[in-house]
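The structure appears below as structure tokens.
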Amino acid sequence: MNNKISKVFCLLLTLIITVALGCKKEQPVMEEGKAKVRFVNAYLNSDPQELYQENNKLTPQAIVYGAYSGYAEVNSGRSVFWSNGAVENKATSAIEAVLYGNNAYTLLYYKNQDSKPSIVGYINQAGAPAAGKFKVRFVNLSIMFNDKPLVISANNNAFLNSLNFGDNPSYAELAINTELRVNLRDSNKTTLLDKTKFQEGKNYLVWFDTSDGIEVSYHVIQEN
């Protein structure tokens, strides 16, 4: 086992122990197939990152902050995904994941509440929205909001009143040309999302962060 892989297993040690202690019966073995994975660098001021599944590199180029890769075909079932910092060529984070075949996933590299690099993943919804609409889900990925939730409005009406850091996102179906705004709760500083980024018949993930703890930045990822 080479040095880099050894570091990945060190990163995973706590996770594996937690999983083992939390399970009272053996986990089912999933038949291996194929899935798709996209990698997003959502860690402000981080070095460019590469993504691996076990020993297989999935990103042709390192992903800088705010950017994301195309979809890479991966093995479904249980496996380890890990990130590698391209500058120092060192493993930075890892996650043991179970992927279901014939599905697409988005993996995000971010700073967790312990101020350490981490990876979180979400399965993408395959179904298309109704005519004249788009689907969107929102993720709050910045600890710089200091545990204050984000508030999202649609056409000046309350839409999502409390988006906390790390909340598991769910899809909403909205009409095209819906005007979306986001702000930190109790803040008058509002960010208007560019409605031209949301097209009919498409699904999106929008993740939020900040550079100053007040003004909300947004990043749109088209999923299909």
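Laboratory data are not the source of any read-out in this text; all were calculated from the coordinates shown. This structure is a prediction, so every number in the text was calculated from the model and none was measured. Every residue, glycine as well, gets a Cβ built from its backbone with ideal geometry; the counts of neighbours run over all protein chains shown.
Tabulated data
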quantity	calculated
Interchain or long-range residues, amide H under 5 Å from SER76's placed H	GLY33, LYS34, ALA35
Inter-label distance for ASN224 and LEU192, nm, one decimal - labels placed 7 Å from Cα along Cα-to-Cβ	3.0 nm
Rounded if a/c under 1.5, otherwise prolate or oblate - region 107-207, Cα gyration tensor axes	oblate
Nonlocal amide H pairs with VAL139, under 5 Å, H built at 1.01 Å	VAL206, TRP207, PHE208
For region 66-144: rounded, prolate or oblate by the Cα gyration tensor [a/c cutoff 1.5]	oblate
Contact order normalised by residue count of region 133-222, Cα under 8 Å, 6+ apart, percent	36 percent
Full-stretch length increase - ASN177, TYR122 - with 0.36 nm per residue and alpha-carbon distance subtracted	17.2 nm
Mean Cβ neighbour count within 10 Å, used as a protection proxy, ranking 52-60, 141-149 highest first	141-149, 52-60
Acute angle (nearest 10 degrees) that the helix 3-22 long axis makes with the longest principal axis of the chain, alpha-carbon atoms	70 degrees
Most fluctuating residue given options VAL206, VAL87, VAL182, as computed from a GNM of the chain linking Cα atoms under 10 Å	VAL87
For region 114-158: rounded, prolate or oblate by the Cα gyration tensor [a/c cutoff 1.5]	oblate
Mean separation of Cα contacts under 8 Å, 6 or more apart, over the residue count of the chain: relative contact order %	16 percent
Region 133-222: antiparallel DSSP beta bridges as a percent of all, rounded to 5	75 percent
Built amide H within the under 5 Å cut-off of VAL64, gap 5+	GLN49
Convex hull of Cα atoms in the chain, direction-averaged projection (nm²)	13.4 nm²
